[in-house]
Ligand SMILES: Cc1cc2nc3c(=O)[nH]c(=O)nc-3n(C[C@H](O)[C@H](O)[C@H](O)COP(=O)(O)OP(=O)(O)OC[C@H]3O[C@@H](n4cnc5c(N)ncnc54)[C@H](O)[C@@H]3O)c2cc1C
C-alpha cells in the first residue's frame, strides 16, 4: 500500500499512475473538497497535453499572446497557452486517480509518521486520530509539507505569491507580465479568466502587500479585489533530498517548480512519472529525478538568478532583443517547459543574449 498525502495535481496524478500499475493507493486530503482553496493562476503551456487531454470545462481561456513589459519597453509575443479553472483541474486529475482504482480519503490531515510503516492522520470532521499502515509515504502536500518536516527535511525558501481575482475587462486572448524594480526578484502578472475578471498577482520575497497594492492601483485604477488566491511559490533547491527511505516528496513539497515563472503544475506531473517508475522498479528517486528533470529546473534557476540582478535598463535591453522577428519565432516554437532547446536556439539566433550571461557571475 502506498499512501500519498495531498490531492493536488502532483498527488492525484501520481495516484493515477500507480493505481494504473495495479498498486494499492490511498490519497489523504485534509480538505472536505478537492481543489479548494485556489492558490494559483492556472496557466499552462500546451505541454500539458503530453500527460492528458483536458476536459473543456477545465479550460477558462485560451491565450495566443503574452505582453512582456519592462519599465519603458513592452513587446507582444505569440504563445499558445491555456488558463485553467484550477479547482476543476484538481478535481479532474483526482477523478482520473479514482477511476484507476486509487482511494481518496477527504477530511484526512496527515499529522505525523509513527514508525517506518505507519502514518498518523486526523479526521478534520470528528478530530479522531487514525493510524494507517503503509509501505511507502509520499508527501504531495504542497509548499508547507508536513511530510517533509516529519521526515526531517528542511523547508524550502519560497516566494510569496500574492494574487487576487479582480474586476477587469481585458483582451481575453492575451496575458500580461511585468518586470523591473516594481517587481523585485520575480514579476507581476495579469491573466484574463473571463470577459470581466482577471487574476492579478506578484511574487516577491518580502513586502508583498505594498508591491501588490501599488501594482493593482496602477493596472486597474482600483483598490478592491473580488477574492484572494495567494500562496507560497517554492524556489527550486537542487540539493534538497526528495527521498529518505520509504518517504518521498513530490511537487511543491519537493520544490519542483520552474524558478523563472513559478509554474509547478507541469514539472510535478513529470515528476509523478519519474516517481511512479522509481516505486515500481525500486530505483533511487533522488538520482532519477535529477536525471529526468534536474537539468531543466537548474537552467530555470540559473536564469532566475541572472534576472534577479537585472536593472530596469537591462530588462528594456532584453525586451529590445526579444522584439526581433527571428527571436519571436523561437519563443513561439519552444515553450518554457522545454528550456534547454529554447535557450540553445535563442543563443544561436541572437548571440547578444550571451551578453547577459556575465550577470551569472557578477
Ligand atoms: C499565486 C500562485 C500562482 C501560481 N500560478 C501558477 C501557474 O499559473 N501555473 C503553474 O503551473 N503553477 C502555478 N503556481 C504553482 C502551482 O500552484 C503549484 O506548483 C502546484 O499547485 C503544485 O501542486 P502540488 O500538488 O505539489 O501541491 P498543491 O497544489 O499545493 O496540493 C497540495 C495538497 O495537499 C493538501 N495538504 C496539505 N497538507 C496536508 C496534510 N497535512 N494532510 C493532508 N493533505 C494536505 C492540500 O490541501 C492540497 O490539496 C502558482 C502558485 C501560486 C502561489
For residue 92: the one exception among (1) surrounded by 15 or more Cβ atoms within 10 Å (Cβ to Cβ); (2) part of a strand (DSSP E or B); (3) more than 12 Å from the ligand (Cβ to nearest atom): (2)
The range 20-33, residues that are buried (at least 23 other Cβ atoms within 10 Å of the Cβ) and either touching a helix residue (DSSP H, G or I) at 6+ places or on another chain (Cβ under 6 Å) or outside the structural domain of residue 93 (by TED's automatic domain parsing) (or both): 25, 27
Failed item in (1) over 30 Å from residue 6 (Cβ atoms); (2) touching a helix residue (DSSP H, G or I) at 6+ places or on another chain (Cβ under 9 Å), with residue 332 passing the rest: (2)
Condition broken by residue 57, with the remaining ones in (1) more than 20 Å from residue 269 (Cβ to Cβ); (2) in a helix (DSSP H, G or I) satisfied: (1)
Condition met for residue 62 (outside the structural domain of residue 308 (by TED's automatic domain parsing), more than 13 Å from the ligand (Cβ to nearest atom), in contact (Cβ under 8 Å) with a residue 12 or more places away in the chain and under 20 Å from the mean Cα position of the chain (by Cα)): yes
Hey, residue 75 more than 16 Å from the ligand (Cβ to nearest atom), on the phi < 0 side of the Ramachandran plot and buried (at least 18 other Cβ atoms within 10 Å of the Cβ) or not: yes
Qualifying residue in the range 279-294 (condition: within 12 Å of the ligand (Cβ to nearest atom) and on the phi > 0 side of the Ramachandran plot): no
Matching residues in the range 259-273 - criterion: being near the ligand (Cβ under 8 Å from one of its atoms) and within 16 Å of residue 291 (Cα to Cα): 267, 268
Selection status of residue 223, away from the ligand (no atom under 16 Å from the Cβ), without any contact (Cβ under 8 Å) to a residue 40 or more places away in the chain and under 23 Å from the mean Cα position of the chain (by Cα): no
Test for residue 250: is it surrounded by 20 or more Cβ atoms within 10 Å (Cβ to Cβ), without any contact (Cβ under 8 Å) to a residue 60 or more places away in the chain and under 16 Å from the mean Cα position of the chain (by Cα): no
Selected residue (only one of 107, 117, 154 is modelled with pLDDT of 95 or more and surrounded by fewer than 18 Cβ atoms within 10 Å (Cβ to Cβ)): 107
Residue count for the range 131-147, restricted to those that are on the phi < 0 side of the Ramachandran plot and within 11 Å of the ligand (Cβ to nearest atom): 9
Test for residue 150: is it closer than 16 Å to residue 220 by Cα and either more than 13 Å from the ligand (Cβ to nearest atom) or over 17 Å from the mean Cα position of the chain (by Cα) (or both): no
Residues being modelled with pLDDT of 95 or more, within 12 Å of the ligand (Cβ to nearest atom) and not in a loop (DSSP other than H, G, I, E, B) - total across the range 19-52: 6
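The values are calculated or read from the model by the stated rules, or taken from the named source; none is laboratory data. In this text, all values refer to a predicted model and were calculated from it rather than measured experimentally. Note that each Cβ is placed from the backbone with ideal geometry, even for glycine, and that neighbours are counted across all protein chains shown.
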